[in-house]
1. Where in the stretch 448-462 does the label zone of Phe372 land, with the point 7 angstrom along Cα→C-beta and an amide N cut-off under 16 Å?
2. Quick check: from the Cα gyration tensor, does the stretch 570-619 come out rounded (a/c under 1.5), prolate or oblate?
3. Determine the relative contact order of the stretch 313-360: mean sequence separation of Cα pairs under 8 Å and six or more apart, normalised by residue count, in whole percent.
4. So what is the calculated 222 nm ellipticity per residue for the chain, using -39500 (n - 2.57) for each DSSP H run with n of 4 or more, over all residues, to the nearest 500 deg cm²/dmol?
5. Based on the alpha carbon coordinates of the stretch 307-359, what radius of gyration and maximum Cα-Cα distance (Dmax) apply, in Å?
6. Explain nothing, just the number: relative contact order of the chain, from Cα pairs under 8 Å at least 6 residues apart, as a whole percent.
7. Listed here are the pairs Lys46/Lys132; Lys263/Lys583; Lys10/Lys106; Lys10/Lys156; Lys10/Lys246; Lys73/Lys141; which of them are more than 22 Å apart at the Cα?
8. Take the alpha carbon atoms of the chain, find their radius of gyration, then divide it by 2.2 N^0.38 Å using N residues; give the quotient.
Amino acid sequence: MSAFQTFEGKPQVLGAVPFNDGVNFAVYSKNATRVVLDLFDSADAKTPSASIDFDPVKNRTGNVWHIYVKGLKKGALYLYRVDGPYNPPAGHRFNFNKYLLDPYAKAFTPGSIFQSYNKQRELGLAGVENGKLSDLSNFPKCVVIEDIDFDWQGDKPINLPIEKTVIYETHLKGFTASESSGVKYRGTYKGLIEKIPYLKDLGITSIELLPIFEFDEFENGNINPRTGEPLENYWGYSTIGFFAPKTSYAADKTPGGSVREFKEMVRELHKAGIEIILDVVYNHTAEGNEHGYTFSFRGFENSTYYMLPVNEKQYYHNFSGCGNTLNAAHPVTTQFILDSLRYWVSEMHVDGFRFDLAAALCRDQNSNMQGFPFLTNAISEDSILNKTKIIAEPWDCGGGYLVGGFPGGRWSEWNDRYRNDIRRFIRGDESVATAAATRIAGSSDTYNHSGRKPAASINFVTCHDGFTMNDLVSYNSKHNDENGENNRDGTDDNNCYNHGYEGITMNPKIENLRMKKLKNFMLCLMVSQGVPMFAAGDEFRRTQMGNNNAYCQDNDISWLNWNFLNKNQELVRFTKEMIKLRKLHPVFRRENFFSGQKMEIEWFDHDCKNPDWAKLNRFIAFRLSGAGMTREDGAAENDFYIAGNTDIYDLTVTLPSVPRGKKWALVADTSVAGDLCICENGKEEILPEQKRYVIPAGSFIILICK
């Protein structure tokens, strides 16, 4: 029973929406026979303080159940229970004993779904297998959010042109969780705010956060074999709430505190000129397969939200590798995803999204890949999302591989071909120079079609998934022993090389080789056409001790160790200067592919002749023409000569001629140790020898014509 006065309510806006002197609740369920709204007095309440039944006639319009509860205010806590047919072969899994989270909830209280169920199972409480929790004290509750009085101080999304973007990928918590970070609010949105001066000084334009949508880190059941401690879902690719910033990442744990703190972080990043891109997971949820949990979508309308085999609807299509796949082609699910994206742009002011396993979003309701998916095109053309960055991880776990062909217009894509070819070339592999040249020139073989631009390619050598950049040059194989999977997890195809010793070493010869290769990676990223992205800490040699799949390591393995910042200032400075170089010179970030009709780019062999691409090996060289371009400082653009020698022998190259009155000056030479490896703008060293240059083994150079 409830003492609250209720009214019919409105179906137009799903979720919990305060207005006037109450709250309107609306949820979608096509086949439900009963919906109950449970209200709670506190986050740690064991049982509801009130329960409100929806009248199936008065409180239902079409497939939307709705009610207006007078007297409720923002900050109110609630859950649902929904009854209906339990018939898995028909796709229905209603269970009135289950407490359900609102799919449109804007925030949650602290707690854990998995711990709540598992704890009561351990205690042997009756009914828990059917979801009948007798103690909801640790079960998260939905929070009614109204934050219209937040002071944005005039903030708007930055929406920097994609071709001018330099992306820095990081985990929100891991960025400042270590004591070495020196921040007051470690591992939180506020902690990241404290590090904004560092990000601004580094020069990146956009920070890409691993999933911050609400997830439950306690779903991982593995044990660390070395410590005996339980492992967690650290990365967060298992979403529970698609409108809610993760509560545990907020220093403010009061109901709704995560929303306010997230907004503060966005506002302060924007003040520093830094965009925020969210890594989002719309391909699956945390409810798992047919043996998984029911805490939201499955309990409201399983057959709508999930992709089920046509003749075996008790099971789930699993193109995510995580047990289920959201039925993104269904109009209700499509609308849900669009509503979520619009919320994060309009209400939370984010600048863009990176879509995890985005090929799964291109499948129809029968799991077939579509040529013209409605959802990806709707995201591209949506009036609210129109200026945001949309980046696809263009594959899924069911064989969908859409690199170069992700459907939907203006999408950019993670380019794994860039990663693989650049890794192999810098390692010194045979016969990959042509492939590396193609990647550096913008991957036109992959993207130069249907009006696409070089910025369609997100160029990366490392990201959260795989080796850090330091580990890429420090290990020959993965070392995932502490993940509890007998080192079977994580890829074995790393294109890495330890340069003579596995792991950390004090050997100066090996260390010099590794530092040179790290500079090579950063140099290639910043001179390549397309959009560069690198993982946080790569600029100061962050290590995961050879773990290339640290998804479950919420500890020092994954957290940034800021002590490395001072130890590796040489690489930090090199990275800063390379970012400055890219941002100043549009010749490195062309809006269009090289036409081939002008001398926009010229390729050479080491004798400054046209290369024989069939024979070119362990060497590339090219000249970029700045003719007709204007630098960011208003000056006329320069020409550049870039060359890389990945052989084990030094190489003398013949330099191309320059116009009368001009000379080649050295911008960078990755073989040089210390600060002299790269020059600041305007301080480039004129070469005493203008016809030849010796490029040491395993090194790159950049020359500027001035």
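Read-outs: derived from the displayed coordinates by stated rules, not from any lab. Just so it is clear, the structure is predicted and the values come from calculations on it, not from any experiment. Quick reminder, even Gly has a Cβ in these numbers, built from the backbone with ideal geometry, and neighbours come from all protein chains shown.
1. Once the point is set 7 Å along Cα→Cβ of Phe372, 450 turn out to lie under 16 Å by backbone N, inside the stretch 448-462.
2. Judged from the Cα gyration tensor, the stretch 570-619 comes out oblate (a/c at least 1.5, b/c at or above a/b).
3. Normalised by residue count, the contact order of the stretch 313-360 is 28 percent.
4. Rounded to the nearest 500, the figure is -6000 deg cm²/dmol.
5. Rg then Dmax for the stretch 307-359, in Å: 13.8, 43.
6. 10
7. Cα-Cα > 22 Å for Lys263/Lys583; Lys10/Lys156; Lys10/Lys246; rest within.
8. 1.02
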